Amino acid sequence: MAEIVDAGIPVVSCQTQYSVFDRRPEKKLLDYCKDKGISLLCYGTLSGGLLAEKWIGNDASVQPATRSHVKYLQVIEDTLGFDGYQDFLLLLDKIAKKHSVKIAHIATKYILSQPSVGASIVGVRNSSHVESNECIFSFELDDKDIEEIEQFLDRYPILNGEPFELERTVGNKFRNIMKMNLNEA
């Protein structure tokens, strides 16, 4: 992106994977975009649905139901680990109950509160998801909420590399689940 910006092409937005589990944009991308006036459009904010109450108390043998689950369970494995994931769900649940919302709303609101994040792309399967997500804009995380989340996350590593780097590395487990070259005959 820096090459494009340095060539004088006006970039106004950049789409990237960014969630409380995959925090690679925090290494350089957030600050770069802030300095250049570029808004991030974040996908994967809910980690394929793994940021939800229904996962609290599940054991480590969770079977992925979708490709997204495979990907984000790998991210969790390399960052928080399963026990950290469960502890984090409990923290998000506590904050969610304080605001009378769901874990997914807290996770989304947290990402939306980061510098240069302009939007979060949240998938919906039906109209109830649309109605549920409307409440994201009905509350604000306070400084204590953000501090609790950041203190928790700071105890765990961020994935190696920059956004998309692991997914581009041949032989890497994050690339191996990707469908590549779909336009080839």
| Mind checking the dipole of region 1-92: about its Cα centre, +1 per Lys or Arg Cβ, -1 per Asp or Glu Cβ, Debye to the nearest 20? | 260 debye
| the chain - charge dipole about Cα centre, Lys and Arg +1 at Cβ, Asp and Glu -1, debye rounded to 20 | 500 debye
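According to the square roots a ≥ b ≥ c of the eigenvalues of the Cα gyration tensor, what is the shape class of region 13-63, taking rounded for a/c under 1.5, prolate for a/b larger than b/c otherwise, and oblate for the remainder?
prolate
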| query | How do D78, D6 line up, fewest other C-beta atoms within 10 Å first? | reply | D6, D78
| query | R0 = 22 Å: FRET efficiency of A2 with S113, Cβ-based, nearest 0.05? | reply | 0.30
| Close Lys-Lys pairs in the chain, where close means Cα under 13 Å and separation is 8 or more or interchain | 7
| query | For D59 and S132, what does the FRET efficiency come to when R0 = 35 Å and r is the distance between their Cβ atoms, rounded to the nearest 0.05? | reply | 0.85
| query | At a Förster radius of 30 Å, what calculated FRET efficiency corresponds to the Cβ-Cβ distance of L90 and L41, to the nearest 0.05? | reply | 0.50
| remark: Percent relative contact order for the chain, counting Cα pairs under 8 Å at least six residues apart, stands at 28 percent
| note | With 0.36 nm assigned to each residue of separation and the Cα-Cα distance removed, D31 to E150 gains 41.1 nm
| query | About the Cα centre of region 1-54, what is the dipole size in debye to 20, counting +1 per Lys and Arg Cβ and -1 per Asp and Glu Cβ, all else neutral? | reply | 140 debye
| Pairs of alpha carbons in region 2-173 whose separation is greater than 20 Å (percent) | 54 percent
| message | List the residues, sorted by chain then number, that are 5 or more residues from S13 or on another chain and whose placed amide H is less than 5 Å from its amide H. | response | S39
| request: Send over the Kirkwood Rh of region 81-140, from the inverse of the averaged 1/r over different Cα pairs, rounded to one decimal Å. | output: 12.5 Å
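Where a number appears in this text, it was derived from the coordinates with a stated rule and is not lab data. Please read these numbers as outputs of a predicted model, since none were measured by experiment. A quick note on method: Cβ atoms are made from the backbone with ideal geometry, for glycine too, and the neighbour counts reach across all protein chains shown.
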